[in-house]
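K.L.:
Here it is, the structure, as structure tokens.
The values are calculated or read from the model by the stated rules, or taken from the named source; none is laboratory data. All values reported here derive from a predicted model rather than from experimental measurement. A quick note on method: Cβ atoms are made from the backbone with ideal geometry, for glycine too, and the neighbour counts reach across all protein chains shown.
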Amino acid sequence: MLEISNLTHTYGSGPGSHHALGGVDLSVAEGELVCIVGPSGCGKSTLLRSVAGLLRPGGGEVLFNGAPVAGTPKDLAVVFQDYSRSLFPWMSVADNVSLPLRRKGLDRPRREEAALEALTQVGLEEAGAKYPWQLSGGMQQRVAIARALAYRPALLLMDEPFGSVDAQTREDLEDLTLRVRGHHAMTILLITHDIDESVYVGDRVVVLSGAPATVVGDLRVDLPEPREQIATREHPGFVRLRAEVGRLVRGPRPAAQHPTPETV
Amino acid sequence: MIARRLLDSGPLCGALGAAGLVGAWEAAGRTGFISPTVFPRASAVLSRAAGLAADAGFLSCVVSTLGAWAIGLLLTVAVAVPAGFLLGTLPGLERAFGPVFEFLRPIPSVALIPPALVLFSDKVDMKITLIVYAASWPVLINTMYGLKEVDPLAKETLRAFGFGPAAVLWRVSLPSTAPFIAAGVRLAAAVALIVGISVEFLAGGAGGSGIGVFLIEAGGATDALEYIVAAALWAGVIGYLSNGLFVLAERRAFRWHTARTEVAR
Ligand SMILES: Nc1ncnc2c1ncn2[C@@H]1O[C@H](COP(=O)(O)OP(=O)(O)OP(=O)(O)O)[C@@H](O)[C@H]1O
Ligand SMILES: [Mg+2]
């Protein structure tokens with residue numbers, strides 16, 4: 001469904017430029033949940049913005065269902081890393097969630113119903129009449145997730161979507177993502193810096209190198225389904241994969257970089 | 001303790017300040033510090049002002065000024081907001097017209113009255129045209145400034161959900177800019193009142209009406225100064241009330257804006 005080939009991007013030009021993507025190759029099949037991990041600042045959000053058609057990459061190609069991405073692909077939803085800025089402060093939480101559904105041609109009662117359902121899924125059924133700025137950071141993040149889920153996109157892009165919530169809520173949201181994916185046949189690209197999370201929710205874990213980012217690892221997660229927070233995390237396969245992803249994220253460490261007693 | 005509490009209450013404190021000034025004004029007249037022939041006493045002006053409130057001639061002047069003010073303000077919004085959006089969204093247009101605007105903007109509107117007198121035969125048309133000209137600047141500038149402040153991520157969010165440029169303008173740029181536009185309209189309302197009365201005053205009585213015309217015509221009366229100061233007092237009250245109403249309406253409509261900036265502080 002998604003074919004990314006030799007994607008490159010450089011921010012700015014001249015001496016102050018930053019080479020963010022250094023030729024990323026990635027293909028995602030329909031219905032797959034692919035997690036992308038990589039060091040901070042390596043270019044994960046840049047990759048996601050290219051897929052969403054919000055940024056014209058410097059080179060390479062993104063094919064969505066066989067067609068090159070020009071502008072925003074149809075049937076796409078994004079949960080931005082900067083969730084609070086992506087919610088509209090002049091609208092109630094419920095209106096924020098239901099606004100994108102106008103694109104789907106739903107009438108008002110059905111939009112409201114879908115918004116309430118999505119808000120209930122993220123545990124915010126009471127917050128619909130409030131405004132985003134009246135909520136805590138973690139609650140705002142859940143509103144952003146609810147808005148994307150209510151839209152029922154064919155492709156869901158999530159940029160560190162569970163970063164601001166407590167551990168318990170985080171697990172609930174991970175499980176919600178897995179459930180929703182099962183029900184609605186969504187393809188999901190999920191960026192995270194949490195290695196355990198990537199292995200727990202992903203069908204595949206794609207590891208990016210530091211800038212300029214390239215794919216340094218693409219691991220299939222063959223853990224028993226359905227995933228379960230306790231059992232899956234103590235499965236030997238989980239432990240092995242977690243270590244493998246961890247090593248890939250840290251990257252090759254040349255011996256010279258380790259501080260020796262003389263230099264300390 | 002009680003004094004502290006009095007000073008904490010904004011309106012009460014303001015009323016005290018005003019009463020103090022009026023008291024000093026009256027005292028200056030009574031002690032002979034300012035002779036009533038040079039400047040009338042507070043009591044005389046206030047009783048004239050009360051009389052004007054029931055004076056049909058004065059009230060029709062007020063209605064005439066307020067009518068031109070309201071029409072001028074509506075036209076201002078109708079002209080300046082779309083112009084601000086055009087200039088704010090098309091950088092080429094802003095580059096082309098920016099320098100012209102920077103030249104025109106500092107010209108005092110009162111300086112335009114003499115040429116306007118030559119151009120217009122109808123005084124009401126002239127008054128409204130000058131009001132629109134002068135009041136458009138704050139609205140235009142605030143609209144353009146507000147557009148620059150729209151969060152790009154808010155626009156991208158809507159684009160990501162497949163909305164086109166028109167929907168982004170209507171659903172993100174406009175609501176996000178609205179508080180800035182409203183503040184511009186509040187400033188424009190004050191400018192419109194000043195320009196309206198100035199035009200009435202400078203363009204003269206024949207064929208005109210309004211508070212400014214009332215001021216000229218009162219000049220011939222025996223108690224001219226008392227009438228003029230009393231009428232000016234009413235003009236001040238009207239300006240004060242309109243500003244207060246705008247502030248109140250803004251607070252209600254844009255609670256999301258003030259609440260957010262308060263959080264950010
Ligand atoms: N608009 C921009 N202009 C210039 N440089 C940018 C811009 N956006 C991002 N960068 C740079 O590109 C690099 C990659 O940014 P990106 O946001 O994609 O990283 P990331 O992997 O998402 O990081 P994080 O995990 O911290 O979110 C960073 O070094 C950043 O400084
Ligand atoms: Mg990022």
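K.L.:
When only residues in the stretch A:99-109 that are in contact with a helix residue (DSSP H, G or I) (Cβ under 8 Å, 6 or more places away or on another chain) and closer than 20 Å to A:E125 by Cβ count, which is nearest to the other protein chains (Cβ to nearest Cβ)? Reasoning before the result, please.
P.N.:
Narrowing the stretch A:99-109 to residues in contact with a helix residue (DSSP H, G or I) (Cβ under 8 Å, 6 or more places away or on another chain): A:99-102, A:106.
Narrowing further to those that are closer than 20 Å to A:E125 by Cβ: A:99-101, A:106.
Details: A:L99: 7, A:P100: 4, A:L101: 9, A:L106: 13 Å.
Ranking the candidates gives A:P100 first.
K.L.:
Restricting attention to the stretch B:134-155, which residues are more than 14 Å from chain A (Cβ to nearest Cβ) and surrounded by 19 or more Cβ atoms within 10 Å (Cβ to Cβ)? Please lay out each step first, then the result.
P.N.:
Applying the first criterion (more than 14 Å from chain A (Cβ to nearest Cβ)) to the stretch B:134-155 yields B:134-145, B:147-148.
If the condition is that a residue be more than 14 Å from chain A (Cβ to nearest Cβ) and surrounded by 19 or more Cβ atoms within 10 Å (Cβ to Cβ), then B:A134, B:A135, B:S136, B:W137, B:P138, B:V139, B:L140, B:N142, B:T143, B:M144, B:L147 are the ones that fit.
K.L.:
Inside the stretch B:156-177, can you point out the residues that are farther than 22 Å from B:F254 by Cα and away from every other protein chain (no Cβ under 11 Å)?
P.N.:
Of everything in the stretch B:156-177, just one residue is farther than 22 Å from B:F254 by Cα and away from every other protein chain (no Cβ under 11 Å), namely B:A166.
K.L.:
Would you call A:D159 closer than 17 Å to A:V78 by Cβ and within 16 Å of ligand 1 (Cβ to nearest atom)?
P.N.:
Details: closer than 17 Å to A:V78 by Cβ: yes; within 16 Å of ligand 1 (Cβ to nearest atom): yes.
When the stated conditions are applied, A:D159 passes them.
K.L.:
Go through the residues of the stretch B:68-77 one by one and say whether even a single one is surrounded by fewer than 18 Cβ atoms within 10 Å (Cβ to Cβ), over 26 Å from the mean Cα position of the chain (by Cα) and either modelled with pLDDT of 95 or more or outside any helix (DSSP H, G or I) (or both).
P.N.:
So in the stretch B:68-77, the residues surrounded by fewer than 18 Cβ atoms within 10 Å (Cβ to Cβ) come out as B:70-71, B:74-75.
Narrowing the set further to residues that are over 26 Å from the mean Cα position of the chain (by Cα) leaves none.
No: the stretch B:68-77 contains no residue that is surrounded by fewer than 18 Cβ atoms within 10 Å (Cβ to Cβ), over 26 Å from the mean Cα position of the chain (by Cα) and either modelled with pLDDT of 95 or more or outside any helix (DSSP H, G or I) (or both).
K.L.:
Please give the number of the condition A:E160 fails out of (1) away from ligand 2 (no atom under 16 Å from the Cβ); (2) out of contact with any Phe, Trp or Tyr (no Cβ under 8 Å at 6 or more places or on another chain).
P.N.:
Unmet for A:E160, out of (1) away from ligand 2 (no atom under 16 Å from the Cβ); (2) out of contact with any Phe, Trp or Tyr (no Cβ under 8 Å at 6 or more places or on another chain): (1).
K.L.:
Based on this model, can you work out whether A:L76 counts as within 27 Å of B:A178 (Cβ to Cβ) and within 13 Å of chain B (Cβ to nearest Cβ)? Steps first, please.
P.N.:
Values: within 27 Å of B:A178 (Cβ to Cβ): no; within 13 Å of chain B (Cβ to nearest Cβ): yes.
So A:L76 fails the test.
Residues checked against (1) farther than 22 Å from A:V28 by Cβ; (2) within 12 Å of chain B (Cβ to nearest Cβ):
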site: A:V97; (1), (2): yes, yes
site: A:G128; (1), (2): yes, no
site: A:Q134; (1), (2): yes, yes
site: A:L149; (1), (2): no, no
site: A:V165; (1), (2): yes, no
site: A:T169; (1), (2): yes, no
site: A:L176; (1), (2): no, no
site: A:M186; (1), (2): no, no
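K.L.:
Being among the small types (G, A, S) and surrounded by fewer than 20 Cβ atoms within 10 Å (Cβ to Cβ) is the filter here, so list the residues in the stretch A:23-44 that pass it. Lay out the reasoning, then the answer.
P.N.:
Filtering the stretch A:23-44 down to residues among the small types (G, A, S) leaves A:23, A:27, A:29, A:31, A:38, A:40-41, A:43.
The answer is A:G23, A:S27, A:A29, A:G31, A:S40, A:G41.
K.L.:
Do we find that A:Q168 is at pLDDT below 95, in a helix (DSSP H, G or I) and buried (at least 18 other Cβ atoms within 10 Å of the Cβ) in this structure?
P.N.:
Working: at pLDDT below 95: yes; in a helix (DSSP H, G or I): yes; buried (at least 18 other Cβ atoms within 10 Å of the Cβ): no.
So A:Q168 does not fit the description; no.
K.L.:
Sort out for me the helices (runs of 4 or more DSSP H) sitting completely within the stretch A:23-112 that have 1 or more residues that are polar (S, T, N, Q) and within 16 Å of ligand 2 (Cβ to nearest atom). Working first, answer last.
P.N.:
Working: elements: A:44-51, A:83-86, A:93-98.
Correct list: A:44-51, A:83-86.
For every residue, the table says whether it meets (1) farther than 21 Å from B:A49 by Cα; (2) surrounded by 16 or more Cβ atoms within 10 Å (Cβ to Cβ); (3) more than 14 Å from every other protein chain (Cβ to nearest Cβ).
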residue: B:G210; (1), (2), (3): no, yes, yes
residue: B:G220; (1), (2), (3): no, no, yes
residue: B:Y227; (1), (2), (3): no, yes, yes
residue: B:Y240; (1), (2), (3): no, no, yes
residue: B:A249; (1), (2), (3): yes, no, yes
residue: B:R252; (1), (2), (3): yes, no, no
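K.L.:
Are there any pairs, at least 6 apart or on different chains, whose C-beta atoms fall under 7 Å, with the first in the stretch A:39-60 and within 14 Å of another protein chain (Cβ to nearest Cβ) and the second part of a loop (DSSP other than H, G, I, E, B) and within 12 Å of ligand 1 (Cβ to nearest atom), and if so, which?
P.N.:
From the stretch A:39-60, the pairs are A:S45/A:Q81; A:T46/A:L55; A:R49/A:L55; A:S50/A:P57.
K.L.:
Given (1) of a type in the set (V, I, T); (2) under 14 Å from the mean Cα position of the chain (by Cα); (3) more than 27 Å from A:T120 (Cβ to Cβ), identify the lone condition not met by A:V79.
P.N.:
Unmet condition: (3).
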